[in-house]
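Have a look at the structure below, then the notes.
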Amino acid sequence: MALLQNIIIEHGYISIFCFLALGIIGLPVPDEILMTTVGYFSSLGLLYFPLSLSVSVFGAMTGMLCSYALGRKFGKPLLWKYGKWIRLTTIRLEKTESWFERYGPWAICIGYYIPGFRHLTCYLAGMSAMSLRKYLLYSVLGALLWCALFISIGYFLGASVNFSDVYASVLRLFH
């Protein structure tokens, strides 16, 4: 946690952008903690809230567009070749595609709030050949709401939470 804070303080907005882009692609970046830390630093005046929100949304969208492109280009061929190893048959793949055609846009928007699922929805959107325009509409909406929520949490609860010991501070909030 302290390393994340130091990197943000030292490199500023570019680190927020890079961390979010890489985290959405699937690298193990604690996205929610990152966003609340950004909100906390905004409450201290170290970062400017509107710029932090904009950079966060652009970082998330960059990661989502990369994941979408990877899913579109490599997704189905990889699943056809290696899907049997994870018990993904052609029938299961067809069911997944039909589910995603029906619920995919909302899954993209709501998927931000479920760690792990947010990464999967991007690849699935690309694999199912969802139109880029439709994908952008729902992913921008989801990114904006998700970033605004977690940055706001960090901004308004920042004074109550000691970010060097997040777990102990959060427990103290409920006692």
Check R92, R172 and return the single one that is in contact with a Ser or Thr (Cβ under 9 Å, 6 or more places away or on another chain), assigned to a helix (DSSP H, G or I) and either loosely packed, with under 14 Cβ neighbours inside 10 Å or modelled with pLDDT under 85 (or both). R172
Going through region 95-113 one residue at a time, which ones are open to solvent by less than 40 Å² (accessible area, probe 1.4 Å) and either hydroxyl-bearing (S, T, Y) or part of a loop (DSSP other than H, G, I, E, B) (or both)? Y112
Every residue in region 89-98 that is within 16 Å of C122 (Cβ to Cβ) and of a type outside the set (V, I, T), please. E97
Take the residues in region 52-89 that are of a type outside the set (D, E, K, R) and not in a helix (DSSP H, G or I); name whichever of them is most open to solvent (accessible area, probe 1.4 Å). T89
So in region 114-145, with the set limited to residues that are at pLDDT 90 or above and basic (K, R), which one is least open to solvent (accessible area, probe 1.4 Å)? K134
Those residues of region 114-135 which are closer than 25 Å to I33 by Cα, out of contact with any helix residue (DSSP H, G or I) (no Cβ under 6 Å at 6 or more places or on another chain) and assigned to a helix (DSSP H, G or I), in sequence order: H119, L120
Over region 1-51, the set of residues of a type outside the set (A, V, I, L, M, F, W, C), within 24 Å of Y68 (Cβ to Cβ), open to solvent by less than 50 Å² (accessible area, probe 1.4 Å) and part of a helix (DSSP H, G or I) is S15, G23, D31, E32
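The values are calculated or read from the model by the stated rules, or taken from the named source; none is laboratory data. Bear in mind the structure is a predicted one, so any value in this text is a computation, not a measurement. Don't worry about glycine lacking a Cβ; one is built from the backbone with ideal geometry, like all the others, and counts go over all protein chains shown. To get the accessible areas, we keep the full protein, side chains included, count just its heavy atoms, and leave off ligands, DNA and RNA. Shrake-Rupley method; radii C 1.70, N 1.55, O 1.52, S 1.80 Å.
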